[in-house]
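*Asks:* Right, I'll just put the structure down here and ask away after.
The values are calculated or read from the model by the stated rules, or taken from the named source; none is laboratory data. Quick caveat, the model's predicted, so the values are computed rather than measured. Ideal geometry is used to build each Cβ from the backbone, glycine not excepted, and the neighbour counts take in all protein chains shown.
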């Protein structure tokens, strides 16, 4: 009788953990993307855009304009991968500096950078999946 | 018996106070002894390495030469406008130095572009304005390939060269080199490290005090 009770409680406990894990998968993915994104940001973006996303004068734009990031979110992947030229007109007119592309970055890395940038420096825009990035990249101008 | 002892002690204390040595920065680079005859005696003097005469175009397309730095202390570095590796970090730090010494006419900054082909004065001007530098006390200069790469290697002791293996074709170190009024090298600081740049600003104060340039 006592054994049965113990058995049952262990079973219930295990079930709870599995349920918990499922509901947290999105959360886990977010955290994984964010942590990796931070590393990728430091390696690829930070020199110009700064450790706090502050940019540098009118040379490199800051990444703190959350409205601008939301409005152009589907373009972010294209900009990171292909860069922008001085005259592309894709960017804020007060910052006419070309940005080099990072053609070698795989989609997953780009998604992780987007998650980090759009959830740091005062931004709080949540998760952005790799599949969305792949779709975004098909529509690059 | 007691009075002389007291006096001696007082003397010691005074000595200790007046003995406060002024901090001086070392003189870097090559040096060689030179023998001079002064008043019939042979005196050995040390001659230190100095920055030779130079002439470049600055961001306002004006000629800028070593004469413009006579009687001033300055910081020299090497960069190029399209550089996206260490240059943005260097100039983010240098901007703090510029802001701090902006109103001191005895301090200048000299940034040599190593991208001779692309960094023409108009482009340097755009870069300077975007960085927020309106004064010519921070000069961004363009010169001939030989003059820039030679002065980097031989005079400022900073490695800068063209390298086809590099994605941008240009490789250079991020040193900020502090030069005194006699054009001698007095310090070299890693321009990508915030703490070293802070130390440089302290050393600049020390140098200004040594050169008595602080009084206006």
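*Asks:* Anything in the range B:119-136 that is more than 8 Å from chain A (Cβ to nearest Cβ), in a loop (DSSP other than H, G, I, E, B) and either modelled with pLDDT under 90 or more than 21 Å from residue B:147 (Cα to Cα) (or both)? List them, or say none.
*Replies:* The answer is B:133, B:134, B:135, B:136.
*Asks:* Just checking, which of A:88, A:120 is modelled with pLDDT of 90 or more and assigned to a loop (DSSP other than H, G, I, E, B)?
*Replies:* Step by step, each of A:88, A:120 is checked, and only A:120 is modelled with pLDDT of 90 or more and assigned to a loop (DSSP other than H, G, I, E, B).
*Asks:* Is there a residue in the range B:48-64 that is within 14 Å of chain A (Cβ to nearest Cβ), surrounded by 14 or more Cβ atoms within 10 Å (Cβ to Cβ), in a strand (DSSP E or B) and modelled with pLDDT under 95?
*Replies:* no
*Asks:* Let me ask something else. Select from the range A:48-74 the residues that are in a helix (DSSP H, G or I) and surrounded by 21 or more Cβ atoms within 10 Å (Cβ to Cβ) and write down the one among them that is farthest from the other protein chains (Cβ to nearest Cβ).
*Replies:* Top of the filtered list is A:49.
*Asks:* Within the range B:65-85, how many residues turn out to be within 14 Å of chain A (Cβ to nearest Cβ) and either in a strand (DSSP E or B) or modelled with pLDDT of 90 or more (or both)?
*Replies:* 3
*Asks:* Would you pick out the residues in the range B:88-113 that are free of Cβ contacts under 8 Å to residues at least 24 places away in the same chain and within 12 Å of another protein chain (Cβ to nearest Cβ)?
*Replies:* Answer for the range B:88-113, where residues must be free of Cβ contacts under 8 Å to residues at least 24 places away in the same chain and within 12 Å of another protein chain (Cβ to nearest Cβ): B:88, B:92, B:99.
*Asks:* Sort through A:77, A:135 and tell me the only one that's more than 14 Å from chain B (Cβ to nearest Cβ), in a helix (DSSP H, G or I) and in contact with a helix residue (DSSP H, G or I) (Cβ under 6 Å, 6 or more places away or on another chain).
*Replies:* From the options A:77, A:135, the qualifying one is A:77.
*Asks:* For residue B:89, are the conditions met, namely being under 18 Å from residue B:132 (Cα atoms) and crowded, with 19+ Cβ neighbours inside 10 Å?
*Replies:* yes
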